[in-house]
Structure formats: C-alpha cells, structure tokens
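**Student:** Dropping the structure in here first, questions after.
The values are calculated or read from the model by the stated rules, or taken from the named source; none is laboratory data. Nothing here was measured: the structure is a model prediction, and the numbers come from that model. Ideal geometry is used to build each Cβ from the backbone, glycine not excepted, and the neighbour counts take in all protein chains shown.
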Amino acid sequence: MNARTRRTTLALAAVVVTALTGCQARHQAPEASPSRQSSGRSAAPSSGHPAAPAPRTGFTLVASGDMLPDTSIIERAQFDAGGLGYDFRPMLAGAGPAVSGADLAICHMNAVYGGDGDASGSPSGSPSGAPAPKAPPQMADALAATGYDGCSTASDHSLDDGADGIRRTLDAFDRAGVRHAGSARTKEEAKSVTMMRAGDAQVAHLAYTVGPKGRSLPERQPWAVDLLDRDKIVEDARVARRAGADVVVVSLHWGTEWQDAPDAQQQKLAKQLTASRTDGRADIDLILGTHAHVPQAYEKVDGTWVVYGLGDQIAGETDNRGVRDPRGNESTIARFTFAPPAHEGERWPVARAEFVPQAFDVDAGRVVDLNAALQQGADVGDMRDRIRDVVLSRGAAQAGLVMAQ
C-alpha cells in the first residue's frame with residue numbers, strides 16, 4: 001500500500017472513529033485555591049460516637065503531547081467552523097474518549113495564542129503558522145470541550161510574541177476554564193501553585209522548559225516562563241507539597257528533537273528529580289515530557305514514572321531537516337491510575353500504568369486512536385507497533401506499563 005493510500009485509509013478510519021465517539025466530554029471545574037478542599041460527601045447521621053473516616057478514592061490521570069498548530073492546522077479549524085471562526089473540536093474528537101474518561105486530563109500547548117483574527121485584532125496577534133506559531137484562542141475552548149482540565153504552557157515558543165502572547169494564552173485558558181502551569185502574567189501568578197482536584201486527591205501541576213528559541217526572558221519579567229532548573233523544580237515541588245498537594249506532577253519541555261531515545265540530559269535530570277525526597281517521601285510523583293516531536297520511552301526511575309516524550313498530538317506535516325517525517329504525527333496518551341496511600345502522609349502509588357497509541361491524520365485533520373482505527377480495519381498496525389516498541393524500549397513493560405486496548 002503506498003503512502004497516499006495509507007493516509008486515505010487512516011483518514012477514513014478517523015471519520016469512522018469520530019462518528020462513533022463524537023465529542024461527549026466531562027470537564028471538571030477549576031479549583032479556586034491550592035488549599036485542601038472538602039470531598040463534598042454528606043455527613044453521616046450522628047450516633048454519639050466519632051464517625052470513622054470515609055475511605056479515600058483514587059483517580060486516573062491522562063496526559064497528551066504537544067499542540068503545535070501550523071498554518072494547515074489553523075486552516076483546517078477554520079474549515080471545520082464553516083469559515084466562521086475556528087473549531088478545533090472535530091480535530092480532537094478522536095482523543096475524546098480517553099481524555100473525558102479520566103478524572104484529570106493534562107495537555108501541552110506548544111504555541112501561544114493570537115487574537116481572534118478579526119479586523120479589530122492587532123496584526124502581530126493574528127493567528128499564524130511556523131516559525132512562530134500563534135493559535136486561535138478558540139483552541140482553548142476545544143481543549144475544554146474535549147475534557148482537558150489543565151495544560152502546561154512552558155515551551156521554547158512561550159516567548160514568540162513576548163508578554164502579550166503569554167497574556168492572550170492564559171486569558172483564553174481562564175475563559176475556557178482550563179488551568180495552566182509554566183508561564184505567568186504577573187510575579188504573583190508565577191509564585192502560585194496550580195492545584196487541581198482529582199477524586200479525593202489534590203494534584204499540583206508544575207511545568208518547565210528549555211530556553212525559548214532565540215529569545216531571552218523579558219528584563220523586567222524574568223518570572224514569565226519557568227525554565228529547566230533542577231533546584232527550582234525540587235523547591236517548587238516541596239512548596240506544592242506544603243500547600244496540600246497529595247500528588248505532584250511535573251511537565252518538562254526537554255530533550256533532543258526527532259530523537260526516539262531520551263538524551264543524556266533527560267536521563268540525568270530524571271534521575272536527579274526522582275531521587276529527591278523529603279522525610280523519605282518522593283518530592284515528585286510523575287514526570288511528563290514533551291518537545292521531541294516524536295514518541296519517546298516511558299521508564300520507572302527510582303520508583304517514579306517518567307514519560308520522556310509524549311510526541312505531538314496535533315501537528316501539520318512534519319519536517320525533519322527538509323524531509324517529511326511521519327514520526328512527527330505519532331504520539332501517546334499516558335494514563336496513570338493513582339491509589340490512595342495506606343497511611344496518611346504516605347505517597348499515592350500508581351496502581352496501573354498505561355499508554356494509548358495515537359496519530360494525527362494530516363489529510364483528514366483528525367487525531368486518531370490507533371487501536372480503535374485497527375478495529376475499524378485501517379492499515380495502521382506498523383505505526384502502532386513502532387510506537388509501542390519505542391515506548392517500551394527502556395523496560396517499562398517489566399515495570400508494569402501496558403498498552404491500553
């Protein structure tokens with residue numbers, strides 16, 4: 001089967017999967033404060049004796065890779081909106097079942113948001129593609145509709161449009177009800193902890209990036225984007241724990257682009273971060289990697305799951321040194337089920353670790369769940385198997401990671 005036929009088959013599968021799944025989504029309301037909240041259970045009638053504490057429930061967290069909208073992605077969203085604005089919901093519908101089925105869902109925005117693109121908007125803020133992509137703010141609405149609760153915003157593109165780009169991006173997320181971590185509009189916001197409720201747990205989300213491409217942090221706003229720094233990451237995690245976090249999740253925009261294997265810096269930093277402990281308890285409970293454009297391995301390091309690279313969930317036809325590289329349209333959704341600890345103050349363990357192989361069909365402009373596509377008869381087995389082999393290449397299967405069906 002030639003490449004064009006394969007893409008057409010994949011596009012047909014995307015249409016079938018989208019038609020079957022639709023875009024029914026669950027979305028949690030954002031927490032207003034990092035302090036511990038009530039679980040909302042009704043109190044039992046008093047019997048004159050102290051009531052035994054209700055057992056705590058675990059939760060499932062999913063995370064996906066880079067949203068990297070080039071011109072073709074923006075044009076597809078405009079087409080899906082009938083030429084009236086931008087609609088990214090059909091594009092993301094294939095991820096809907098995995099995302100909306102989780103208690104907490106985290107995405108990664110690898111571009112800032114522009115304006116609405118109308119005549120009243122600033123030309124510098126209009127949506128555009130590479131080399132400095134600016135997504136329409138309607139993408140935030142689509143992420144919320146798909147079921148995402150939060151998104152990391154620290155990337156090498158965070159400063160592509162300066163402080164204005166950060167402001168537009170975070171404003172759009174706030175309007176959509178999607179939490180964010182990794183960039184900030186004010187110094188006070190930069191110091192705050194992004195905390196989200198999942199089941200009976202408070203989950204802190206922190207995010208950091210390699211240095212922005214060709215740009216420096218604003219002289220008067222050195223706090224605008226959180227950069228990769230081991231000591232700062234550890235201290236922020238400890239601050240989050242003191243603020244009431246049961247689980248601390250760290251998103252890292254790192255690594256070597258187009259490289260399947262994690263590079264030496266990733267492996268070194270992963271070991272340093274997973275080894276960090278306070279009173280015997282790990283400071284960080286999960287590491288989620290982006291930036292490489294291709295799926296990378298999952299690995300359990302010192303008892304903590306590390307996803308070196310989730311891959312690009314949404315990207316146009318990818319270019320690796322002037323050559324079309326289909327790996328840039330492959331990705332995974334990570335899914336981790338956390339169980340409550342046996343004793344208060346102990347770590348919430350991961351009871352189940354899974355990954356969902358995905359692809360972005362550039363012809364159809366749709367995210368495709370590859371397992372679902374295979375069940376519909378699409379010729380995507382080789383792609384699915386390649387992703388699986390990369391994900392499991394550092395012994396994750398022996399540590400308990402499985403491919404979700």
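**Student:** Which number in (1) in contact with a strand residue (DSSP E or B) (Cβ under 7 Å, 6 or more places away or on another chain); (2) buried (at least 24 other Cβ atoms within 10 Å of the Cβ); (3) within 27 Å of ILE333 (Cβ to Cβ) marks the one condition that ARG179 misses?
**Tutor:** ARG179 satisfies every listed condition except (2).
**Student:** Here is a list: ALA204, ALA172, ALA190. Which entry is among the small types (Gly, Ala, Ser), outside any loop (DSSP other than H, G, I, E, B), within 23 Å of ASP149 (Cβ to Cβ) and without any contact (Cβ under 8 Å) to a residue 40 or more places away in the chain? Write out each step before concluding.
**Tutor:** On the way: ALA204 fails: without any contact (Cβ under 8 Å) to a residue 40 or more places away in the chain; ALA172 fails: without any contact (Cβ under 8 Å) to a residue 40 or more places away in the chain.
When all the criteria are applied, what remains is ALA190.
**Student:** Considering only residues of the range 301-321 that are among the charged types (D, E, K, R) and in a loop (DSSP other than H, G, I, E, B), which is surrounded by the fewest Cβ atoms within 10 Å (Cβ to Cβ)? Before you say what the answer is, go through the steps one by one.
**Tutor:** Just the residues of the range 301-321 that are among the charged types (D, E, K, R), to begin with: 302, 312, 317, 319, 321.
Those still in the list that are in a loop (DSSP other than H, G, I, E, B) too: 302, 317, 321.
Values: ASP302: 14, GLU317: 14, ARG321: 6.
This residue is ARG321.
Condition check ((1) under 30 Å from ALA184 (Cβ atoms); (2) free of Cβ contacts under 8 Å to residues at least 12 places away in the same chain; (3) outside any loop (DSSP other than H, G, I, E, B)) across all residues:
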| site | (1), (2), (3) |
| --- | --- |
| ILE74 | yes, no, yes |
| ALA77 | yes, no, yes |
| ASP87 | yes, no, no |
| PRO90 | no, no, yes |
| GLY94 | no, no, yes |
| PRO97 | no, no, yes |
| ALA105 | yes, no, yes |
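**Student:** Then there is this: Given the criterion more than 30 Å from ALA245 (Cα to Cα), of a type outside the set (Asp, Glu), in contact with an Asp or Glu (Cβ under 8 Å, 6 or more places away or on another chain) and not in a helix (DSSP H, G or I), identify the matching residue among VAL390, VAL368.
**Tutor:** Answer to the selection: VAL368.
**Student:** Separate question: Applying the selection to the range 271-289, what residues are assigned to a helix (DSSP H, G or I) and either more than 24 Å from CYS107 (Cβ to Cβ) or among the basic types (Lys, Arg) (or both)? Give the steps one after another, and end with the answer.
**Tutor:** Taking the range 271-289 first, the residues assigned to a helix (DSSP H, G or I) are 271-275.
Listed by number, the residues that qualify are LYS271, GLN272, ALA275.
**Student:** Okay, next question. Test of understanding: among ARG167, ARG215, ARG185, which residue is at pLDDT 95 or above, of a type in the set (D, E, K, R) and touching an Asp or Glu at 6+ places or on another chain (Cβ under 9 Å)? Please lay out each step first, then the result.
**Tutor:** On the way: ARG167 fails: touching an Asp or Glu at 6+ places or on another chain (Cβ under 9 Å); ARG215 fails: at pLDDT 95 or above.
Step by step, each of ARG167, ARG215, ARG185 is checked, and only ARG185 is at pLDDT 95 or above, of a type in the set (D, E, K, R) and touching an Asp or Glu at 6+ places or on another chain (Cβ under 9 Å).
**Student:** Does the range 322-346 hold any residues that are in a strand (DSSP E or B) and either surrounded by 18 or more Cβ atoms within 10 Å (Cβ to Cβ) or touching a Ser or Thr at 6+ places or on another chain (Cβ under 9 Å) (or both), and which are they?
**Tutor:** ARG324, GLU330, SER331, THR332, ILE333, ALA334, ARG335, PHE336, THR337, PHE338
**Student:** Here is a list: GLY121, GLY115. Which entry is part of a loop (DSSP other than H, G, I, E, B), modelled with pLDDT under 95 and within 20 Å of HIS180 (Cβ to Cβ)? Step through it out loud before you land on a result.
**Tutor:** On the way: GLY121 fails: within 20 Å of HIS180 (Cβ to Cβ).
None of the other options fit; the residue is GLY115.
**Student:** Next question. Does the range 216-234 include one or more residues that are touching a Leu at 6+ places or on another chain (Cβ under 9 Å), among the hydroxyl-bearing types (Ser, Thr, Tyr) and under 26 Å from ALA270 (Cβ atoms)?
**Tutor:** no
**Student:** One residue is enough: does the range 356-368 have a residue meeting the conditions closer than 20 Å to ALA102 by Cα, of a type in the set (Phe, Trp, Tyr) and modelled with pLDDT of 95 or more?
**Tutor:** No: zero hits.
**Student:** Please state which one of ASP363, ASP319, ASP369, ASP385 is among the acidic types (Asp, Glu) and over 25 Å from ILE73 (Cα atoms).
**Tutor:** ASP385
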